[in-house]
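The structure appears right after this line, and notes come after that.
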Amino acid sequence: MNFLRFCKNWTLPIAMVMGVILYFVYVNIPFLVPTKPFVSRAIDIVQPVLIFLMLFLTFCKISLHDLKLCAWHLRLLLIQGISFVVLGLLLVIFPDFPARILVEGAMICLICPTATAAAVVTRKLGGDAAHLTTYTILINILTAILVPLMLPLVHPHPELNFGSSFTLILGKVFPLLLCPFLAAILLRVLLPKVHAKVAQYHELSFYLWAVALTLAIGVTVKSIVHSDVSFWYQAGLGVISLVCCAAQFYFGKKAGRQYGDSISSGQALGQKNTVFAIWMGYTFFTPVTAVAAGFYSVWHNVVNSYQLYLQWKAEGTSDALKN
(Lines give C-alpha, C1' and ligand atoms only; values in the text may rest on other atoms or scores of the structure.)
Protein backbone atom coordinates (compact mmCIF):
# COMPACT_ATOMS: atom_id res chain seq x y z
CA MET A 1 0.00 0.00 0.00
CA ASN A 2 2.87 2.37 0.79
CA PHE A 3 4.33 1.71 -2.66
CA LEU A 4 0.98 2.39 -4.35
CA ARG A 5 0.52 5.57 -2.32
CA PHE A 6 4.03 6.68 -3.29
CA CYS A 7 3.30 6.08 -6.99
CA LYS A 8 0.03 7.99 -6.81
CA ASN A 9 1.56 10.95 -4.97
CA TRP A 10 4.48 11.15 -7.38
CA THR A 11 2.70 10.21 -10.61
CA LEU A 12 3.78 13.34 -12.45
CA PRO A 13 7.56 13.01 -11.96
CA ILE A 14 7.42 9.22 -12.37
CA ALA A 15 5.52 9.54 -15.67
CA MET A 16 7.89 12.23 -16.94
CA VAL A 17 11.02 10.27 -15.98
CA MET A 18 9.57 7.10 -17.51
CA GLY A 19 8.86 8.95 -20.74
CA VAL A 20 12.47 10.08 -20.98
CA ILE A 21 13.92 6.68 -20.03
CA LEU A 22 11.66 4.67 -22.34
CA TYR A 23 12.52 6.90 -25.29
CA PHE A 24 16.30 6.53 -24.89
CA VAL A 25 16.06 2.81 -24.17
CA TYR A 26 13.87 2.24 -27.22
CA VAL A 27 16.01 4.20 -29.70
CA ASN A 28 19.19 2.45 -28.52
CA ILE A 29 17.97 -1.10 -29.10
CA PRO A 30 19.15 -1.93 -32.67
CA PHE A 31 16.69 -4.71 -33.51
CA LEU A 32 13.73 -2.37 -32.74
CA VAL A 33 14.74 0.15 -35.43
CA PRO A 34 12.37 -1.34 -38.10
CA THR A 35 9.42 -0.89 -35.70
CA LYS A 36 9.84 2.89 -35.36
CA PRO A 37 7.30 3.84 -38.09
CA PHE A 38 4.70 1.51 -36.57
CA VAL A 39 5.31 2.75 -33.01
CA SER A 40 5.06 6.36 -34.16
CA ARG A 41 1.77 5.64 -35.89
CA ALA A 42 0.47 3.74 -32.87
CA ILE A 43 1.23 6.69 -30.56
CA ASP A 44 -0.60 9.03 -32.93
CA ILE A 45 -3.68 6.84 -32.48
CA VAL A 46 -3.35 5.89 -28.80
CA GLN A 47 -2.65 9.40 -27.48
CA PRO A 48 -5.97 11.03 -28.55
CA VAL A 49 -7.87 7.88 -27.52
CA LEU A 50 -6.42 8.15 -24.01
CA ILE A 51 -7.38 11.84 -23.81
CA PHE A 52 -10.90 10.98 -24.99
CA LEU A 53 -11.28 8.24 -22.36
CA MET A 54 -9.90 10.49 -19.60
CA LEU A 55 -12.50 13.14 -20.32
CA PHE A 56 -15.29 10.61 -20.83
CA LEU A 57 -14.73 8.97 -17.44
CA THR A 58 -14.51 12.37 -15.79
CA PHE A 59 -17.76 13.60 -17.37
CA CYS A 60 -19.55 10.37 -16.42
CA LYS A 61 -19.09 11.38 -12.79
CA ILE A 62 -20.75 14.75 -13.42
CA SER A 63 -24.46 15.36 -12.97
CA LEU A 64 -26.00 18.04 -15.16
CA HIS A 65 -27.85 19.32 -12.06
CA ASP A 66 -24.47 20.15 -10.49
CA LEU A 67 -23.40 22.44 -13.34
CA LYS A 68 -23.66 26.10 -12.39
CA LEU A 69 -22.83 29.22 -14.37
CA CYS A 70 -21.21 32.09 -12.50
CA ALA A 71 -19.83 35.53 -13.39
CA TRP A 72 -16.14 34.64 -13.33
CA HIS A 73 -16.63 32.02 -16.07
CA LEU A 74 -17.02 34.75 -18.70
CA ARG A 75 -13.98 36.63 -17.45
CA LEU A 76 -11.76 33.58 -17.67
CA LEU A 77 -13.08 32.63 -21.11
CA LEU A 78 -12.25 36.14 -22.32
CA ILE A 79 -8.75 35.96 -20.82
CA GLN A 80 -7.97 32.66 -22.52
CA GLY A 81 -9.71 33.41 -25.80
CA ILE A 82 -8.45 36.97 -26.33
CA SER A 83 -4.84 36.20 -25.35
CA PHE A 84 -4.76 33.21 -27.74
CA VAL A 85 -6.26 35.19 -30.63
CA VAL A 86 -4.01 38.24 -30.07
CA LEU A 87 -0.84 36.12 -30.12
CA GLY A 88 -2.10 34.24 -33.17
CA LEU A 89 -2.78 37.49 -35.04
CA LEU A 90 0.71 38.69 -34.09
CA LEU A 91 2.19 35.71 -35.95
CA VAL A 92 -0.18 36.23 -38.89
CA ILE A 93 0.82 39.90 -39.24
CA PHE A 94 4.53 39.19 -38.63
CA PRO A 95 5.13 35.69 -40.05
CA ASP A 96 8.92 36.07 -39.72
CA PHE A 97 8.74 37.16 -36.09
CA PRO A 98 12.14 36.17 -34.57
CA ALA A 99 10.68 34.69 -31.38
CA ARG A 100 7.92 32.80 -33.19
CA ILE A 101 8.50 29.53 -31.31
CA LEU A 102 8.18 31.30 -27.96
CA VAL A 103 4.91 32.92 -29.02
CA GLU A 104 3.55 29.56 -30.16
CA GLY A 105 4.55 28.07 -26.79
CA ALA A 106 2.63 30.81 -25.03
CA MET A 107 -0.41 30.19 -27.25
CA ILE A 108 -0.48 26.52 -26.23
CA CYS A 109 -0.20 27.36 -22.52
CA LEU A 110 -2.95 29.98 -22.71
CA ILE A 111 -5.65 28.18 -24.69
CA CYS A 112 -5.16 24.77 -23.06
CA PRO A 113 -8.36 23.59 -21.28
CA THR A 114 -8.60 23.02 -17.54
CA ALA A 115 -7.14 19.75 -16.25
CA THR A 116 -9.53 16.88 -15.57
CA ALA A 117 -7.92 16.48 -12.13
CA ALA A 118 -8.50 20.14 -11.21
CA ALA A 119 -11.80 19.34 -9.48
CA VAL A 120 -10.01 17.02 -7.05
CA VAL A 121 -7.46 19.69 -6.09
CA THR A 122 -10.21 22.31 -5.86
CA ARG A 123 -12.18 20.18 -3.37
CA LYS A 124 -9.08 19.65 -1.23
CA LEU A 125 -8.42 23.41 -1.19
CA GLY A 126 -12.02 24.16 -0.18
CA GLY A 127 -13.24 25.50 -3.53
CA ASP A 128 -16.44 24.86 -5.48
CA ALA A 129 -15.85 21.82 -7.70
CA ALA A 130 -19.21 22.31 -9.50
CA HIS A 131 -18.21 25.79 -10.68
CA LEU A 132 -14.87 24.47 -11.87
CA THR A 133 -16.44 21.53 -13.70
CA THR A 134 -18.79 23.90 -15.53
CA TYR A 135 -15.82 25.99 -16.63
CA THR A 136 -13.97 22.85 -17.77
CA ILE A 137 -16.82 22.13 -20.19
CA LEU A 138 -17.02 25.75 -21.37
CA ILE A 139 -13.28 26.07 -22.06
CA ASN A 140 -13.28 22.76 -23.94
CA ILE A 141 -16.00 24.17 -26.21
CA LEU A 142 -14.08 27.43 -26.71
CA THR A 143 -10.87 25.56 -27.49
CA ALA A 144 -12.65 23.34 -29.99
CA ILE A 145 -13.82 26.50 -31.80
CA LEU A 146 -10.79 28.80 -31.59
CA VAL A 147 -8.00 26.32 -32.36
CA PRO A 148 -9.42 25.31 -35.79
CA LEU A 149 -10.11 29.00 -36.56
CA MET A 150 -6.63 30.30 -35.73
CA LEU A 151 -4.25 27.51 -36.71
CA PRO A 152 -4.91 27.63 -40.48
CA LEU A 153 -3.92 31.32 -40.28
CA VAL A 154 -0.88 30.77 -38.06
CA HIS A 155 0.32 27.66 -39.92
CA PRO A 156 -1.18 27.84 -43.42
CA HIS A 157 -0.78 24.67 -45.45
CA PRO A 158 0.38 25.35 -49.03
CA GLU A 159 -1.81 22.58 -50.44
CA LEU A 160 -4.94 23.43 -48.46
CA ASN A 161 -7.14 26.51 -48.36
CA PHE A 162 -8.49 27.94 -45.10
CA GLY A 163 -11.74 25.97 -45.30
CA SER A 164 -9.97 22.66 -45.83
CA SER A 165 -7.47 23.34 -43.04
CA PHE A 166 -10.27 24.41 -40.69
CA THR A 167 -12.23 21.24 -41.41
CA LEU A 168 -9.16 19.04 -40.97
CA ILE A 169 -8.19 20.54 -37.61
CA LEU A 170 -11.82 20.67 -36.41
CA GLY A 171 -12.11 16.98 -37.24
CA LYS A 172 -9.25 16.25 -34.84
CA VAL A 173 -10.02 18.69 -32.03
CA PHE A 174 -13.84 18.59 -31.82
CA PRO A 175 -14.21 14.81 -31.25
CA LEU A 176 -11.41 14.91 -28.68
CA LEU A 177 -12.86 17.70 -26.53
CA LEU A 178 -16.64 17.69 -26.98
CA CYS A 179 -17.58 14.14 -27.92
CA PRO A 180 -16.60 12.72 -24.48
CA PHE A 181 -19.10 15.10 -22.84
CA LEU A 182 -21.85 14.29 -25.35
CA ALA A 183 -21.14 10.56 -25.04
CA ALA A 184 -21.37 10.74 -21.23
CA ILE A 185 -24.73 12.55 -21.44
CA LEU A 186 -26.15 10.06 -23.95
CA LEU A 187 -24.98 7.11 -21.86
CA ARG A 188 -26.65 8.61 -18.77
CA VAL A 189 -29.95 9.09 -20.64
CA LEU A 190 -30.07 5.92 -22.74
CA LEU A 191 -28.32 3.39 -20.50
CA PRO A 192 -28.47 4.68 -16.90
CA LYS A 193 -27.39 1.36 -15.36
CA VAL A 194 -24.34 1.13 -17.59
CA HIS A 195 -23.59 4.79 -16.89
CA ALA A 196 -23.73 4.18 -13.13
CA LYS A 197 -21.32 1.26 -13.53
CA VAL A 198 -18.88 3.26 -15.65
CA ALA A 199 -19.04 6.21 -13.23
CA GLN A 200 -17.68 3.95 -10.48
CA TYR A 201 -14.41 3.75 -12.40
CA HIS A 202 -13.88 7.49 -12.80
CA GLU A 203 -10.57 7.26 -10.90
CA LEU A 204 -9.25 5.17 -13.79
CA SER A 205 -8.85 8.48 -15.65
CA PHE A 206 -5.97 9.26 -13.27
CA TYR A 207 -4.02 6.23 -14.47
CA LEU A 208 -4.91 6.85 -18.11
CA TRP A 209 -3.54 10.35 -17.59
CA ALA A 210 -0.26 8.86 -16.30
CA VAL A 211 0.11 6.64 -19.40
CA ALA A 212 -0.78 9.52 -21.74
CA LEU A 213 1.73 11.78 -20.00
CA THR A 214 4.49 9.17 -20.34
CA LEU A 215 3.83 8.91 -24.08
CA ALA A 216 3.60 12.68 -24.44
CA ILE A 217 6.93 13.24 -22.68
CA GLY A 218 8.55 10.57 -24.87
CA VAL A 219 7.34 12.34 -28.01
CA THR A 220 8.50 15.69 -26.61
CA VAL A 221 11.98 14.30 -25.90
CA LYS A 222 12.12 13.01 -29.48
CA SER A 223 11.24 16.50 -30.73
CA ILE A 224 14.00 18.04 -28.62
CA VAL A 225 16.64 15.49 -29.67
CA HIS A 226 15.90 15.91 -33.38
CA SER A 227 15.26 19.64 -33.24
CA ASP A 228 17.50 22.24 -34.82
CA VAL A 229 16.23 24.82 -32.33
CA SER A 230 18.94 26.14 -30.00
CA PHE A 231 19.17 25.37 -26.31
CA TRP A 232 18.36 28.99 -25.51
CA TYR A 233 15.06 28.83 -27.36
CA GLN A 234 14.13 25.68 -25.48
CA ALA A 235 15.10 27.34 -22.19
CA GLY A 236 13.01 30.31 -23.30
CA LEU A 237 10.00 28.02 -23.66
CA GLY A 238 10.50 26.98 -20.05
CA VAL A 239 10.51 30.63 -18.95
CA ILE A 240 7.49 31.48 -21.12
CA SER A 241 5.51 28.58 -19.65
CA LEU A 242 6.44 29.71 -16.12
CA VAL A 243 5.25 33.26 -16.85
CA CYS A 244 1.99 31.93 -18.34
CA CYS A 245 1.44 29.64 -15.34
CA ALA A 246 2.05 32.37 -12.76
CA ALA A 247 -0.07 34.89 -14.66
CA GLN A 248 -3.02 32.53 -15.08
CA PHE A 249 -3.09 31.49 -11.44
CA TYR A 250 -2.87 35.17 -10.43
CA PHE A 251 -5.56 36.49 -12.78
CA GLY A 252 -7.76 33.44 -12.17
CA LYS A 253 -7.76 34.02 -8.42
CA LYS A 254 -8.25 37.75 -8.93
CA ALA A 255 -11.27 37.20 -11.21
CA GLY A 256 -13.01 34.97 -8.66
CA ARG A 257 -12.06 36.84 -5.50
CA GLN A 258 -14.89 39.39 -5.66
CA TYR A 259 -17.36 36.50 -5.93
CA GLY A 260 -15.83 34.62 -2.99
CA ASP A 261 -14.64 31.87 -5.35
CA SER A 262 -10.93 32.59 -5.84
CA ILE A 263 -9.84 28.97 -5.31
CA SER A 264 -12.10 27.55 -8.02
CA SER A 265 -11.34 30.30 -10.54
CA GLY A 266 -7.61 30.12 -9.83
CA GLN A 267 -7.53 26.37 -10.47
CA ALA A 268 -9.79 26.72 -13.52
CA LEU A 269 -7.37 29.08 -15.23
CA GLY A 270 -4.07 27.87 -13.83
CA GLN A 271 -4.30 24.07 -13.74
CA LYS A 272 -4.12 22.74 -17.29
CA ASN A 273 -4.72 19.53 -19.21
CA THR A 274 -1.03 19.45 -20.16
CA VAL A 275 -1.29 16.06 -21.86
CA PHE A 276 -3.65 17.65 -24.38
CA ALA A 277 -1.36 20.70 -24.63
CA ILE A 278 1.67 18.53 -25.44
CA TRP A 279 -0.34 16.58 -28.01
CA MET A 280 -1.59 19.83 -29.57
CA GLY A 281 1.97 21.18 -29.65
CA TYR A 282 3.52 18.37 -31.67
CA THR A 283 0.40 17.78 -33.77
CA PHE A 284 -0.52 21.31 -34.92
CA PHE A 285 2.47 23.54 -34.11
CA THR A 286 6.22 23.11 -34.52
CA PRO A 287 6.89 19.93 -32.48
CA VAL A 288 9.45 21.60 -30.22
CA THR A 289 6.76 23.98 -28.93
CA ALA A 290 5.37 20.99 -27.01
CA VAL A 291 8.30 21.60 -24.64
CA ALA A 292 6.40 24.62 -23.28
CA ALA A 293 3.50 22.38 -22.26
CA GLY A 294 5.93 19.89 -20.72
CA PHE A 295 7.41 22.63 -18.55
CA TYR A 296 3.92 23.90 -17.69
CA SER A 297 3.04 20.48 -16.29
CA VAL A 298 5.90 20.95 -13.83
CA TRP A 299 5.07 24.54 -12.88
CA HIS A 300 1.36 24.06 -12.18
CA ASN A 301 2.05 20.98 -10.09
CA VAL A 302 4.61 22.92 -8.07
CA VAL A 303 1.94 25.57 -7.42
CA ASN A 304 -0.61 22.90 -6.49
CA SER A 305 1.83 21.17 -4.13
CA TYR A 306 2.55 24.46 -2.38
CA GLN A 307 -1.16 25.31 -2.08
CA LEU A 308 -1.95 21.87 -0.66
CA TYR A 309 0.92 22.24 1.80
CA LEU A 310 -0.45 25.57 3.01
CA GLN A 311 -3.93 24.03 3.30
CA TRP A 312 -2.59 21.09 5.28
CA LYS A 313 -0.61 23.46 7.52
CA ALA A 314 -3.67 25.67 8.12
CA GLU A 315 -5.84 22.65 8.98
CA GLY A 316 -3.17 21.38 11.36
CA THR A 317 -3.01 24.76 13.10
CA SER A 318 -6.80 24.89 13.34
CA ASP A 319 -6.98 21.44 14.91
CA ALA A 320 -4.26 22.38 17.39
CA LEU A 321 -6.20 25.49 18.45
CA LYS A 322 -9.37 23.46 18.96
CA ASN A 323 -7.53 21.05 21.20
Which residues, taken from the stretch 180-202, are closer than 21 Å to ASN140 by Cβ and free of Cβ contacts under 8 Å to residues at least 40 places away in the same chain? LEU182, LEU186, VAL189
Quick test of your reading of the structure: GLN47 fulfils all but one of (1) under 20 Å from VAL173 (Cβ atoms); (2) without any contact (Cβ under 8 Å) to a residue 24 or more places away in the chain. Name the failing condition by number. (2)
Taking the condition within 30 Å of ASP66 (Cβ to Cβ) and among the hydrophobic types (A, V, I, L, M, F, W, C), does LEU102 pass? no
Single match in ALA210, ALA196 (criterion: open to solvent by less than 30 Å² (accessible area, probe 1.4 Å) and either assigned to a helix (DSSP H, G or I) or aliphatic (A, V, I, L, M) (or both)): ALA210
Take the residues of the stretch 269-316 that are surrounded by fewer than 24 Cβ atoms within 10 Å (Cβ to Cβ) and of a type in the set (D, E, K, R): which is modelled with the highest pLDDT? LYS313
Name the one entry in PHE52, PHE38 that is open to solvent by 50 Å² or more (accessible area, probe 1.4 Å) and either of a type in the set (A, V, I, L, M) or touching a helix residue (DSSP H, G or I) at 6+ places or on another chain (Cβ under 6 Å) (or both). PHE52
Subset of the stretch 146-193 [within 19 Å of the chain's Cα centre (by Cα) and assigned to a loop (DSSP other than H, G, I, E, B)]: LEU178
Every residue in the stretch 222-268 that is of a type in the set (A, V, I, L, M), over 18 Å from ALA118 (Cα atoms) and crowded, with 21+ Cβ neighbours inside 10 Å, please. LEU237, ILE240
Just for the stretch 63-87: of the residues that are under 23 Å from GLY260 (Cα atoms) and in a loop (DSSP other than H, G, I, E, B), which one is least open to solvent (accessible area, probe 1.4 Å)? CYS70
If I filter the stretch 110-123 for residues that are in a loop (DSSP other than H, G, I, E, B), touching a helix residue (DSSP H, G or I) at 6+ places or on another chain (Cβ under 9 Å), surrounded by 12 or more Cβ atoms within 10 Å (Cβ to Cβ) and basic (Lys, Arg), do I get at least one hit? no
Test LEU32 against the criterion of being open to solvent by 90 Å² or more (accessible area, probe 1.4 Å) and of a type outside the set (D, E, K, R), and give yes or no. no
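The values are calculated or read from the model by the stated rules, or taken from the named source; none is laboratory data. This one's a predicted model, so the numbers in the text were calculated from it and none came from an experiment. Methodologically, a virtual Cβ is constructed for each residue, glycine included, from the backbone with ideal geometry; neighbour enumeration extends over all protein chains shown. We work out accessible area using only protein heavy atoms, side chains counted, and drop any ligands, DNA or RNA first. Shrake-Rupley method; radii C 1.70, N 1.55, O 1.52, S 1.80 Å.
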